[in-house]
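The values are calculated or read from the model by the stated rules, or taken from the named source; none is laboratory data. Every value quoted in this text rests on a predicted model; they were computed, and no experiment measured them. As a convention, Cβ positions derive from the backbone with ideal geometry for all residues, glycine included, and neighbour counts pool all protein chains shown. Heavy atoms of the whole protein, side chains included, go into the accessibility calculation; ligands, DNA and RNA do not. Shrake-Rupley method; radii C 1.70, N 1.55, O 1.52, S 1.80 Å.
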Amino acid sequence: MNPLILAFETSCDETAVAVVRGTEVLSSVLSSQVDLHARFGGVVPEVAARAHVESIRPLTHKALVESGVHPADLDAVAATNGPGLVGALLVGHSFAKATAWARQLPFVGVDHMEGHLMAPRLEFEDFAPPAVVLLASGGHSQIVHVSHWGEYRVMGETIDDAAGEAFDKLARLLGLGFPGGPAIDLAAEDGDPAAVAFPRALADRPYAVSFSGLKTSVATFVRKAKAAGELPPLADVAASVQEAIVDVLVQKTMRAVADTGVKVLGAGGGVIANRRLRARLTEEATARGVKVCLPRPELCTDNAAMIGVAALLHLERGDLSDWTATVDPGRRLG
Amino acid sequence: MKLLAIETATAQSAVALAEDRQVMATATRVDRTGHAGFVVSATDFALDQAGWFPDELDAIVVDVGPGLFTGIRVGIAVAQGMASALGIPLLTAISLDAQALAATTGHRHIYSVVDVRRGELAVATYRPVPGGVVRSSEPVLLTPDRLQQQLMSDPSDPLVVGDAAGIPEWVLRGQHRVKTGRPRYPSVRALLEIGMSKLERDNFHSDSAVPLYLREPDVSLNWEKLNPESPWSS
Ligand SMILES: [Zn+2]
């Protein structure tokens, strides 16, 4: 019988709670703080921590009610233990650990990135190692080789900004709002991705990515074009910027897929919600006969169902946290 | 009535258990950043000592501050998690009360002080009455300067309780009428007492456990970030 897991995720600006049964999502709810932080143009750690402590109890109630699960039937409780904002992490982790203790259930601390990495399992039965997974979000850009469940090798990552961070900075350059990813995705909708040929910074290291050069060249391009009165339509510039970011991610990922010879490609993180990136990954992987497993956008952005499904693995292995367990805001996968 | 008290508002973390008015177990540790690693395991230890199971608890009382923001949130998150999982009432108390109640004085005006960092102190004052204290001013944030002025202009003999480490030495220098005293941190036994009184009085009403920060988050609005100038606007 698949275990029933109550899972929590509070590493950044979303308070998220979910109930999963094995790899099946019974409920996944969240209270987004995007509007709260949009006022400040970025996530403010103290604001995030305050919002988590307010919403965690009602949200837990909501997740349990929506799942139709009686709390007495739960088999385990899980929570993100890093990486992330320490004050934010501590709220969800403490609440979860206390819940587990009160019900005398096993408690599992889960790496946030392992959560993103395992998210495809929620929707794809054939998502299994050996696989390559592209993790791209506001805080991370990594290409990970999964040789067996629980064995992760970070093949490459960004040498400067994370992909989501690059979207934020570039959106600002184009006068678009925060968060930048969705803003550029929307602005690029009817644009021509080939309108401006921005450089693709393919760093020397085979699987590493870099976005700072792109930022500089977009800034220069916009300034010069505006001075010359030859600024192309916003949609075209947005689409071209988006294409440059997507291109780098896709090329590096496909190289990792080819070099490892895996037949399964997964992805996770908020940037994977980008429509152009999804289309390109699907196209390239399919052309090479690689099974592509892209979770639906709500499971790419931060959520607790992914923490639940990652906890499943630890639970099966008896890899549990004790009551003294705490968070590690700087933890790294692998 | 079996009550659990959770205290994490200052550098001290503490938990305690009482059955009616009898304290059954306490566990305490001082570590400014150690609240999260301590509270649940200490509660587990205390229940073990008392020979109780979690589902025998009747209520939980938690300190909601003022104090260290992260500590307060850890305590509240733990208390909320336990109270919701067990379906029992969650009661609250404020740190300054839990500190003043444990002070011993016959006549002195009690200044209960908690260091909230960034050069500010949370302060409330209390009058001793038979069997306890009565709060005579609401919690406020004061700079050490302002605290000194208040102490100087207080016609009674003040007793300052709380973590003196947070009060610069010059504040109390030369103030001969002013005494400092214990407790150094909010008392978890006093917290039990406050909780028990609430339980007896309030007939099992749960408080909404909202942190008492006394200070807005320190955010600077970055106008450039907020309203990026669009190159397409002329
Ligand atoms: Zn994430």
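Residue by residue, here is whether (1) within 20 Å of the chain's Cα centre (by Cα); (2) outside the structural domain of A:Glu151 (by TED's automatic domain parsing); (3) not in a helix (DSSP H, G or I) holds:
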{"position": "A:Val241", "(1), (2), (3)": "no, no, no"}
{"position": "A:Met254", "(1), (2), (3)": "yes, no, no"}
{"position": "A:Val271", "(1), (2), (3)": "yes, no, no"}
{"position": "A:Ala279", "(1), (2), (3)": "yes, no, no"}
{"position": "A:Leu313", "(1), (2), (3)": "yes, yes, no"}
{"position": "A:Arg331", "(1), (2), (3)": "yes, yes, yes"}
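Scanning the range B:165-196 for residues that are of a type in the set (A, V, I, L, M) and farther than 15 Å from B:Ala124 by Cα yields B:Ala165, B:Val171, B:Leu172, B:Val178, B:Val188, B:Ala190, B:Leu191, B:Leu192, B:Ile194, B:Met196. Every listed requirement among (1) open to solvent by 10 Å² or more (accessible area, probe 1.4 Å); (2) in contact with a Lys or Arg (Cβ under 7 Å, 6 or more places away or on another chain); (3) closer than 29 Å to A:His52 by Cα is met by A:His140 save one, (2).
I want to confirm something. Restricting to the range A:117-134 and keeping residues that are over 20 Å from A:Gly261 (Cβ atoms) and of a type outside the set (D, E, K, R), which single residue is most open to solvent (accessible area, probe 1.4 Å)? Reasoning before the result, please.
Let us first name the residues in the range A:117-134 that are over 20 Å from A:Gly261 (Cβ atoms), namely A:118-119, A:121-123, A:125.
Still in the running and of a type outside the set (D, E, K, R): A:118-119, A:122.
Values: A:Met118: 0, A:Ala119: 0, A:Leu122: 23 Å².
Of everything passing the filter in the range A:117-134, A:Leu122 is most open to solvent (accessible area, probe 1.4 Å).
Within the range A:297-334, being touching a Leu at 6+ places or on another chain (Cβ under 7 Å) and open to solvent by 40 Å² or more (accessible area, probe 1.4 Å) holds for one residue alone: A:Pro329. Under the condition of being at the interface with chain B (Cβ under 10 Å from one of its Cβ atoms) and on the phi > 0 side of the Ramachandran plot, the residues counted in the range A:49-108 number 1. For the range B:184-205, a residue qualifies if it is open to solvent by 20 Å² or more (accessible area, probe 1.4 Å) and under 18 Å from the mean Cα position of the chain (by Cα), and the qualifying residues are B:Arg184, B:Tyr185, B:Ser187, B:Arg189, B:Glu193, B:Ile194, B:Ser197, B:Lys198.
Answer with yes or no whether A:Gly318 is free of Cβ contacts under 8 Å to residues at least 40 places away in the same chain, in a loop (DSSP other than H, G, I, E, B) and not hydrophobic (A, V, I, L, M, F, W, C). Spell out the reasoning first.
Working: free of Cβ contacts under 8 Å to residues at least 40 places away in the same chain: yes; in a loop (DSSP other than H, G, I, E, B): yes; not hydrophobic (A, V, I, L, M, F, W, C): yes.
Spelling it out, A:Gly318 is indeed free of Cβ contacts under 8 Å to residues at least 40 places away in the same chain, in a loop (DSSP other than H, G, I, E, B) and not hydrophobic (A, V, I, L, M, F, W, C).
Is it the case that A:Leu85 is within 16 Å of the ligand (Cβ to nearest atom), under 22 Å from B:Val210 (Cβ atoms), open to solvent by 20 Å² or more (accessible area, probe 1.4 Å) and touching a Pro at 6+ places or on another chain (Cβ under 9 Å)?
Here the answer is yes, as A:Leu85 does meet what is asked.
Of all residues in the range A:180-205, exactly one satisfies the criterion of being within 14 Å of chain B (Cβ to nearest Cβ) and in contact with a Gly (Cβ under 7 Å, 6 or more places away or on another chain), namely A:Ala183.
The residues on offer are B:Val129, B:Val140, B:Val178, and the sole one that is at pLDDT 95 or above and of a type in the set (A, V, I, L, M) is B:Val140.
Name the helices (runs of 4 or more DSSP H) wholly inside the range A:103-196 in which the number of residues that are away from the ligand (no atom under 16 Å from the Cβ), without any contact (Cβ under 8 Å) to a residue 24 or more places away in the chain and farther than 30 Å from B:Phe53 by Cα is 1 or more. Working first, answer last.
Working: elements: A:112-118, A:163-173, A:180-187.
Output list reads A:163-173, A:180-187.
So which of A:Leu277, A:Leu294, A:Leu281 ends up being in contact (Cβ under 8 Å) with a residue 12 or more places away in the chain, among the hydrophobic types (A, V, I, L, M, F, W, C), more than 14 Å from the ligand (Cβ to nearest atom) and within 24 Å of A:Ala18 (Cβ to Cβ)? Of the residues listed, the single one that is in contact (Cβ under 8 Å) with a residue 12 or more places away in the chain, among the hydrophobic types (A, V, I, L, M, F, W, C), more than 14 Å from the ligand (Cβ to nearest atom) and within 24 Å of A:Ala18 (Cβ to Cβ) is A:Leu294.
Exactly one residue out of A:Gly229, A:Gly266 is outside any helix (DSSP H, G or I) and closer than 11 Å to A:Leu134 by Cβ, and it is A:Gly266.
Does A:Gly229 fit the bill of being in the same structural domain as A:Ala197 (by TED's automatic domain parsing) and within 16 Å of the ligand (Cβ to nearest atom)?
Numbers: in the same structural domain as A:Ala197 (by TED's automatic domain parsing): yes; within 16 Å of the ligand (Cβ to nearest atom): no.
Here the answer is no, as A:Gly229 does not meet what is asked.
Residues in the range B:121-149 that are in contact with a Phe, Trp or Tyr (Cβ under 7 Å, 6 or more places away or on another chain) and either open to solvent by 40 Å² or more (accessible area, probe 1.4 Å) or polar (S, T, N, Q) (or both): B:Thr125, B:Val134, B:Arg135, B:Ser136.
Could you pull out the residue among B:Phe45, B:Phe69 that is surrounded by fewer than 22 Cβ atoms within 10 Å (Cβ to Cβ), within 17 Å of the chain's Cα centre (by Cα) and not assigned by TED's automatic domain parsing to the domain that holds B:Leu142?
Details: B:Phe45 fails: within 17 Å of the chain's Cα centre (by Cα).
Within the list B:Phe45, B:Phe69, the selection yields B:Phe69.
For B:His107, the conditions (1) open to solvent by less than 20 Å² (accessible area, probe 1.4 Å); (2) assigned by TED's automatic domain parsing to the domain that holds B:Asp163 all hold with the exception of (1).
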